[in-house]
Amino acid sequence: MNTLLRYNLSLFLFICVTAFTTLTAHASDRASFTSTGKASYYADKYHNRQTASGELYKKELKTAAHNKLPFGTKVRVKNIDNGKSIVVKINDRGPFVKGRIIDLSKSAFSSIADLSEGVIEVKIEVVK
């Protein structure tokens, strides 16, 4: 094997190993992610509007917005006050209100709290 080919092969393998290691590390970080804070839900006016992921927001689906978690990430959201929980899929960015950590679809919020509460204290954790 000539030197240039050997060099290119070594470089390719190095890039593959580095990429795999980086992706695996980030995946394990997401898998252990937990957070506590306030959750709210989308107003009806957002129904059928496009989310940051490109999907349409549907108030009857179990979806949510988070500022950093990758789209498609499944998150268990637990209402601290009553212990009820729901698994949602992240498909949007937000919330954009200080002190809130997640915005839930109307359906997801109503599964763990009364809509009249508006904002609740939750614990969120990524589901493997």
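The values are calculated or read from the model by the stated rules, or taken from the named source; none is laboratory data. Keep in mind that what you see is a predicted model, and the values were worked out from it rather than measured. So basically every Cβ, Gly included, is an ideal-geometry build from the backbone, and we count neighbours across all protein chains shown. Note: areas computed on protein heavy atoms with side chains; ligands, DNA, RNA excluded. Shrake-Rupley method; radii C 1.70, N 1.55, O 1.52, S 1.80 Å.
Taking only the stretch 44-54 into account, find how many residues are in a loop (DSSP other than H, G, I, E, B) and open to solvent by 70 Å² or more (accessible area, probe 1.4 Å).
Within the stretch 44-54, the subset in a loop (DSSP other than H, G, I, E, B) is 47-49, 51-54.
So of that shortlist, the ones also open to solvent by 70 Å² or more (accessible area, probe 1.4 Å) come out as 48-49.
Final tally of qualifying residues: 2.
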The stretch 103-128: number of residues that are under 13 Å from the mean Cα position of the chain (by Cα) and either farther than 24 Å from residue 72 by Cβ or of a type in the set (Val, Ile, Thr) (or both): 3
Exclusive hit being in contact with a strand residue (DSSP E or B) (Cβ under 8 Å, 6 or more places away or on another chain), more than 12 Å from residue 40 (Cβ to Cβ), modelled with pLDDT of 95 or more and of a type in the set (Gly, Ala, Ser), set 94, 83, 72, 118: 72
Which of the residues belonging to the stretch 92-128 are touching a residue at least 12 places away in the same chain (Cβ under 8 Å), of a type outside the set (A, V, I, L, M, F, W, C) and in a loop (DSSP other than H, G, I, E, B)? 93, 94, 95, 99, 105, 118, 128
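Here is a list: 89, 58. Which entry is basic (Lys, Arg), modelled with pLDDT of 95 or more, in a loop (DSSP other than H, G, I, E, B) and open to solvent by 20 Å² or more (accessible area, probe 1.4 Å)?
After applying the criteria, what remains is 58.
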Counted residues in the stretch 12-42 being modelled with pLDDT of 95 or more and either loosely packed, with under 10 Cβ neighbours inside 10 Å or of a type in the set (A, V, I, L, M) (or both) come to 1
Every residue from the stretch 70-84 that is surrounded by 16 or more Cβ atoms within 10 Å (Cβ to Cβ) and not in a loop (DSSP other than H, G, I, E, B): 75, 77, 78, 79
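Report the residue count in the stretch 52-74 for those that are in contact (Cβ under 8 Å) with a residue 24 or more places away in the chain and closer than 12 Å to residue 105 by Cβ. Steps first, answer last, please.
Step one: filter the stretch 52-74 for residues in contact (Cβ under 8 Å) with a residue 24 or more places away in the chain, giving 52-53, 55, 57-67, 69-70, 73-74.
When the remaining residues are screened for being closer than 12 Å to residue 105 by Cβ, the result is 55, 57-65.
Number of matching residues: 10.
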